[in-house]
Each structure stands twice: as C-alpha cells, then as structure tokens.
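Everything below concerns the one structure shown next.
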Ligand SMILES: C[S@@+](CC[C@H](N)C(=O)[O-])C[C@H]1O[C@@H](n2cnc3c(N)ncnc32)[C@H](O)[C@@H]1O
C-alpha cells in the first residue's frame with residue numbers, strides 16, 4: 001500500500017478541491033528512487049543542489065561556531081532526501097570533535113532508509129534515529145524535546161530549497177518553530193531568483209528525468225503519461241516555476257476504494273518551485289517569529305543559507 005488512509009483522503013480532496021496532486025506524495029514508495037536519481041550523489045559529484053553543498057561546506061564552521069561549548073548535537077534533517085546534503089555539516093562536526101546523532105525526518109520510509117544507509121556508510125560510528133512523519137500536519141516537539149534529554153542540542157536542517165515547494169510556507173515554518181526551544185537553530189537553504197536565468201531554469205524542469213519523477217503518482221492512480229501534455233511555466237506574480245499536466249483524453253482515477261472521472265482538457269497541478277529574494281526569505285522567517293543568526297549567499301547570489309532561532313524576546 002503506497003498511501004495511508006489519511007493520505008488517500010488528502011489526495012482525493014486535493015484533486016477534487018483544487019486540482020492538485022500534492023508534491024510530497026511523489027517521494028513515497030518507488031518514488032524515493034526517482035528522487036534519488038534526480039538529486040544525484042554527494043556534492044562533489046555535482047548533485048542537484050551542488051551550489052548549496054559548496055556554500056554549506058565553506059560556511060559550516062561559522063554555523064557550528066554558534067553552538068558555543070556544546071559537546072553533542074542532534075542534526076535533525078527535515079525532509080532528508082538521500083541524506084547527502086547534510087554531509088558538509090557532519091564533516092565539520094567530526095573535524096571539531098563534536099559528537100552528533102543523525103536524525104532524518106521524512107514522509108517517505110524509503111528515503112529515511114536510504115539516508116540512514118548513506119550516512120551510516122560515511123560515518124559508521126554515528127547513532128542514527130529516524131522519524132517517519134508529515135511535517136505539514138503539525139509540530140514534532142515530542143521528538144525534538146526527547147532528543148535533548150541527554151543534554152545535547154538541536155540543529156534542524158531544511159535544505160534543498162524544499163521550502164519553495166509548499167503553497168503555505170508559513171505553516172511549515174511555524175511547525176518547525178513550535179518544535180524548537182530558544183537555544184536550538186534551524187539552517188534553511190533556498191534558491192534565489194535570478195531573472196536573467198529564468199529561461200535556463202525552465203529548461204531544467206522540462207527534462208525527462210523531472211517528468212519521470214513527477215508522473216509517479218499520476219501513473220499510480222490511472223493517468224497514462226502519453227495521454228497528457230506536461231507543461232512548465234514561470235509564474236511572475238508568485239515568483240515560482242509551476243508544473244502541470246493536461247489530459248488529452250478522459251481518465252478514470254482510482255485511489256483506495258474511490259473511483260472518479262477527470263475529463264479531457266482538465267489540468268492537474270503537480271509541483272511548484274518558488275524562487276526567493278534575500279529580503280523575501282528574511283521577511284518570511286521574521287514574520288513567523290525567527291531571529292536571524294547568520295545569513296550567507298554564494299558569489300553569484302543564486303543560493304542563500306540562513307541560520308535562525310525562535311524569537312523569545314523582541315530583538
Ligand atoms: C526537495 S526534496 C529535498 C531533499 C533533501 N533535503 C535535499 O536537499 O536533497 C524534499 C524532501 O522532503 C520530504 N518531504 C516533502 N514533504 C514532506 C512532508 N510534508 N513531511 C515530511 N517530509 C516531506 C521529501 O520526502 C523529500 O525527502
């Protein structure tokens with residue numbers, strides 16, 4: 001079974017309500033391998049977010065420096081993917097002799113297993129504790145609180161521009177905030193908009209490997225790829241790349257015990273990838289109630305990492 005009962009209800013409601021297949025479902029089951037193929041390997045091998053990896057590597061010591069005198073850190077990798085994006089942080093912790101526990105958090109059991117395997121291969125002595133959950137549904141303070149019972153500190157990672165995939169970014173960031181105490185940190189990595197390169201960005205999203213990844217759920221529920229058009233557009237008002245399919249024939253959708261028809265000409269929203277500006281990420285984080293500890297971009301301003309903390313007092 002690919003979906004839980006709750007996920008079936010959420011998927012049916014999203015299709016019937018707003019014509020959308022929520023992107024998060026694409027990582028379930030076999031979809032995890034499609035993501036792994038798209039994401040690629042470790043930074044040095046030029047994975048999908050190699051820009052992020054290079055920046056994180058060059059600034060890892062500064063980020064870790066904020067944890068003054070701490071002897072053990074729980075690296076909570078939210079939306080862990082294949083586990084490789086956090087490697088620059090693990091290397092730095094290792095270098096500084098700070099013990100760490102790797103805590104991948106994901107909706108996909110398959111990606112949790114893959115991240116565990118990959119990180120274990122590189123850091124065989126490191127304790128790994130996986131959490132299988134959907135972070136859109138609420139905070140996970142029970143887990144973050146319990147992790148600190150041995151006196152360790154929490155560092156949350158939200159890497160790979162994942163923030164740009166959600167329609168309600170405040171909700172996601174609020175769930176993280178409510179899972180943090182005022183001495184925990186969150187590092188968020190996002191791609192910035194470079195208007196000069198919009199056409200180049202769009203061509204990346206039209207690649208077959210992106211299609212293979214995004215068509216996983218449509219094909220599971222009864223939509224044949226050859227009976228659709230795949231369309232990628234830049235939405236200037238929302239600052240995001242949008243990916244949709246449009247049916248060239250009627251399709252019978254089956255999810256769990258429910259079956260219904262979608263008609264020729266109907267479109268389904270498959271994914272968004274919002275691009276940010278330095279000010280818009282900073283404002284978003286601040287509106288949710290985070291203070292900024294460190295902010296850094298790469299030389300051509302195409303990627304940004306920010307390290308933030310919940311605001312306890314007005315600063
Ligand atoms: C864009 S990928 C990024 C993966 C990794 N951080 C990277 O940088 O390569 C998004 C990740 O978040 C996970 N994810 C997406 N939505 C989620 C949700 N609502 N709850 C838990 N995990 C989610 C996916 O399964 C996937 O591992």
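The values are calculated or read from the model by the stated rules, or taken from the named source; none is laboratory data. Keep in mind that this is a model prediction, so the values were computed, not measured. Please note: Cβ atoms are built from the backbone with ideal geometry, for glycine as well, and neighbour counts cover all protein chains shown.
A few remarks follow.
- Qualifying residue in the range 40-56 (condition: within 14 Å of the ligand (Cβ to nearest atom), touching a helix residue (DSSP H, G or I) at 6+ places or on another chain (Cβ under 6 Å) and on the phi > 0 side of the Ramachandran plot): no
- Here is the figure for the range 277-315: residues that are touching a helix residue (DSSP H, G or I) at 6+ places or on another chain (Cβ under 9 Å) and over 22 Å from residue 60 (Cα atoms) total 5.
- In the range 57-87, residue nearest to the chain's Cα centre (by Cα) [restricted to those that are part of a helix (DSSP H, G or I), within 12 Å of the ligand (Cβ to nearest atom) and without any contact (Cβ under 8 Å) to a residue 60 or more places away in the chain]: 84
- Residue identified as modelled with pLDDT under 90 and on the phi < 0 side of the Ramachandran plot among 206, 167: 206
- Of all residues in the range 126-143 being farther than 22 Å from residue 88 by Cα and more than 9 Å from the ligand (Cβ to nearest atom), the one that is surrounded by the fewest Cβ atoms within 10 Å (Cβ to Cβ): 142
- The one condition from (1) closer than 27 Å to residue 175 by Cα; (2) free of Cβ contacts under 8 Å to residues at least 40 places away in the same chain that residue 247 does not meet is (1).
- Matching option when the condition is surrounded by 21 or more Cβ atoms within 10 Å (Cβ to Cβ) and within 26 Å of residue 70 (Cβ to Cβ), among 115, 146: 115
- Residue that is at pLDDT 95 or above and out of contact with any strand residue (DSSP E or B) (no Cβ under 8 Å at 6 or more places or on another chain), where the choices are 92, 127: 92
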